[in-house]
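Structure, as structure tokens:
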Amino acid sequence: MAPAAPLLRRRLARWRLERFLSICAEGAAASVAPAGAALLAAASVDALFPLSPSGLWAAFAAVAAAAALCAYRFVLRPLRLLSARRVLSDAGARFPEIGAHLLPAWELSSVRAGEAASGSRELAREHVARTEALLAGLRPAAAFPIRVGGRAGKAA
């Protein structure tokens with residue numbers, strides 16, 4: 001049976017939520033300027049050269065495509081950063097005092113009862129318990145704060 005790691009699982013869930021909110025907020029902020037520029041360009045073209053209804057639809061389609069591209073580039077693509085391995089690795093970089101313990105403890109606590117672990121179960125339980133103790137003493141700080149003016153998916 002795999003060693004339980006309730007504190008590690010709770011921290012991982014919190015760090016995933018922090019990263020998700022960070023990606024969404026930064027992605028939305030990064031998407032506003034290009035999508036707004038496309039809208040302004042379409043409105044300017046319509047003001048300078050009155051467009052036919054089909055031209056207006058084409059301008060609308062161009063603005064919608066720009067908005068969809070921004071949403072993909074700045075919000076959807078960076079969501080791959082939510083994997084447990086990536087979140088724990090990046091949280092370990094933010095908190096170096098526990099960085100070397102997080103990913104191995106996650107992997108050891110995720111081993112199913114039927115799978116063979118490379119090492120003794122007692123050693124695995126000890127490592128997970130040590131990681132849990134380090135997490136309990138960790139200073140309360142956001143692992144993935146929202147960066148004002150930061151680029152969403154920068155690590156993507």
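The values are calculated or read from the model by the stated rules, or taken from the named source; none is laboratory data. Please read these numbers as outputs of a predicted model, since none were measured by experiment. Every residue, glycine as well, gets a Cβ built from its backbone with ideal geometry; the counts of neighbours run over all protein chains shown. Heavy atoms of the whole protein, side chains included, go into the accessibility calculation; ligands, DNA and RNA do not. Shrake-Rupley method; radii C 1.70, N 1.55, O 1.52, S 1.80 Å.
Pick from the range 37-68 the residues that are among the hydrophobic types (A, V, I, L, M, F, W, C) and outside any helix (DSSP H, G or I): which of them is surrounded by the fewest Cβ atoms within 10 Å (Cβ to Cβ)? Here the residue is F49.
Mind checking which pairs have a first residue in the range 25-48 that is within 21 Å of R147 (Cα to Cα) and a second that is among the hydrophobic types (A, V, I, L, M, F, W, C) and open to solvent by 50 Å² or more (accessible area, probe 1.4 Å), Cβ under 6 Å, 6 or more apart or different chains? From residues that are within 21 Å of R147 (Cα to Cα), the pairs are A25/I146. So is R94 closer than 30 Å to E132 by Cα, open to solvent by 50 Å² or more (accessible area, probe 1.4 Å) and modelled with pLDDT of 90 or more or not? The answer is no for R94. Across the range 11-36, the qualifying residues are those that are more than 30 Å from A141 (Cα to Cα) and in contact with a helix residue (DSSP H, G or I) (Cβ under 8 Å, 6 or more places away or on another chain), and the one among them that is surrounded by the fewest Cβ atoms within 10 Å (Cβ to Cβ) is P34.
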